[in-house]
Amino acid sequence: MEKKWRTALTQHVGHETYIRGYRLLDLVGNLSFAQAIYLLLKGELPSEKESEMMEAMLVSIIDHGIAPPSVISARAVASGGNSLNVGVAAGVLAFGSAHGGALEDAMKFIQEGVRSGRAVEEIVREYLEAKRPIPGYGHRYYKDFDPRTKRLMEVAKGLGFYDRHCQFAEEVQEEIGKQKGKKLVLNVDGAIASIASEMGFDWRLGKGFFIIGRVPGLVAHVYEELTTEKPFSKRLDEERETEYTGVPPRDLPEEFRKV
Ligand SMILES: CC(C)(COP(=O)(O)OP(=O)(O)OC[C@H]1O[C@@H](n2cnc3c(N)ncnc32)[C@H](O)[C@@H]1OP(=O)(O)O)[C@@H](O)C(=O)NCCC(=O)NCCS
C-alpha cells in the first residue's frame, strides 16, 4: 500500500541516517555546510566549482545591516519580549517580492526569458509599459552598481558559471537603462538568481536560497537585540518620527452617547 507521507531526502536505516543516500556521519567533517546544502537541494554532491560558487552566493547575502524590513521585523518582535525563534521567524515572514522574495521571482523571470528566446528589448518594454517591477533590478542604496553583484559575477566568471542566464540578466540591466533613461542595477537577488539558474536550480528554490543565506544574519540581530537592548526599545518617537494624517479630534455625535 502506498504510504501517506513520502520523502526522497533522508532515510533512517537502523541507527544510521542517510542524506540523499549518503551516510550522514560520512558527511560530517568531510563536507562544508554549503556543500551539504547543495546535496540536500540538488540531490547530488557538488563539484569543486559548484561548491565554491555555492559558498560565495550564500556568504554574499549573510547580512546587510539593520535597515532592511526583515531585520526591522525581527528586532521589533524580539523587543516586544519574544524569544529568539519568534524574532527570527518574524524576520523570515518579511521576505516578500521587494526583499528576498525577489530572488525567486528573478529566477523565474530569467529562466523564462532565456527559454523563450524573445528579444530582451521586447521583454523589458512589456514590464515597463505595464509598470510592473522587474524582479532583481533596482536598489534602495545602490544606484550605480550593487557591489555584491559585481563580486559574484567575477567569481561566476572565474568558475565558469557565467553563461546565457548571467548574460541575459546583464542585458536586461542595459536595456532598462536605455528605455527608462535611468540605471536600475542588477541587485544581489538578481545576480544570485542568474547564477543559480546557470547551475540548474529550479526557480521555486529562489526564496529558499535567500532564507538559507540570511537566517544567520537574523539570528545574530535577534541575539544582539535580546542581549544588548532593553525590551520595548524598538518603538517610534511619536512626535519626532510619526505623522498623523487623519481627521482632527471631534465630538462623538449625541445619538451615539450612552454615558
Ligand atoms: C528594491 C526597490 C523596492 C527599490 O525601489 P526604489 O527605491 O523606489 O527605486 P528607485 O527610487 O531607484 O526607482 C526609480 C524608478 O525606477 C522604478 N523601478 C525601480 N525598480 C524597478 C524595477 N525593478 N523594475 C521596473 N521599474 C523599477 C521606480 O518605480 C521608479 O520609477 P519612476 O522614476 O518612474 O517613478 C525596487 O527597485 C524593486 O521593487 N525592485 C524589484 C524587486 C527586487 O529586486 N528587490 C530586491 C532588492 S535587493
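Structural remarks
- Chymotrypsin sites (Phe, Trp or Tyr not before Pro) lying in DSSP loop within the range 117-184, provided at most 11 other Cβ fall within 10 Å: TYR141
- Note: relative contact order over the range 20-121, using C-alpha pairs below 8 Å and six or more positions apart, is 15 percent.
- Relative contact order for the range 1-40: 27 percent, from Cα pairs under 8 Å spaced at least 6 residues apart, divided by residue count.
- You can think of it this way: the chain between GLU16 and LEU40 has 6.9 nm of extra reach, that is 0.36 nm per residue less the Cα-Cα gap.
- Volume of the convex hull of the range 7-46 (Cα atoms only), normalised per residue: 59 Å³.
- Taken about its Cα centre, the range 114-259 carries a charge dipole of about 240 debye when Lys and Arg each add +1 at the Cβ and Asp and Glu each add -1 at the Cβ.
- Near-label residues of the range 159-187 by backbone N, under 19 Å of a point 7 Å along Cα→Cβ of ARG125: 171-182
- Since only PRO147, VAL247, GLY158 are under comparison, the one whose Cα sits farthest along the positive direction of the charge dipole of the chain, derived from C-beta charges on Lys, Arg, Asp and Glu, is VAL247.
- Distance between modelled label sites at ARG118 and LYS157, nm, 7 Å Cα→Cβ extension: 2.9
- Gyration tensor over alpha-carbon atoms, the range 35-172, equivalent ellipsoid semi-axes in Å: 29, 22, 14
- Loop-located trypsin sites (Lys or Arg not before Pro) in the range 139-170, at most 10 other Cβ atoms within 10 Å (DSSP): ARG140
- The chain, Cα convex hull volume normalised per residue, Å³: 278
- Only Lys, Arg (+1) and Asp, Glu (-1) charged, at Cβ; the chain dipole about Cα centre in debye: 360
- A Förster distance of 30 Å, applied to the separation of the beta-carbon atoms of LYS182 and ILE66, puts the FRET efficiency at 0.60.
- Per-peptide average of other Cβ atoms within 10 Å, ordering 42-54, 243-255, 201-213 highest first: 201-213, 42-54, 243-255
- Of all lysines in the structure, the ones whose alpha carbon falls short of 26 Å from that of LYS207, not counting any fewer than 8 places away in one chain, are LYS42, LYS49, LYS108, LYS131, LYS143, LYS150, LYS157, LYS183.
- Rotationally averaged projected area of the range 11-80 (alpha carbon convex hull; nm²): 7.1
- For the chain, the relative contact order is 25 percent, taking Cα pairs closer than 8 Å that sit 6 or more residues apart in sequence and dividing their mean separation by the residue count.
- Take 93-103, 61-71 and order them by the average number of nearby Cβ atoms within 10 Å per residue, most first; the result is 93-103, 61-71.
FYI, it's all coordinate maths here, none of it is from the lab. Note that this is a predicted model, so its numbers are computed, not measured. Note that we place each Cβ from the backbone using ideal geometry, even for glycine, and neighbour counts take in every protein chain shown.
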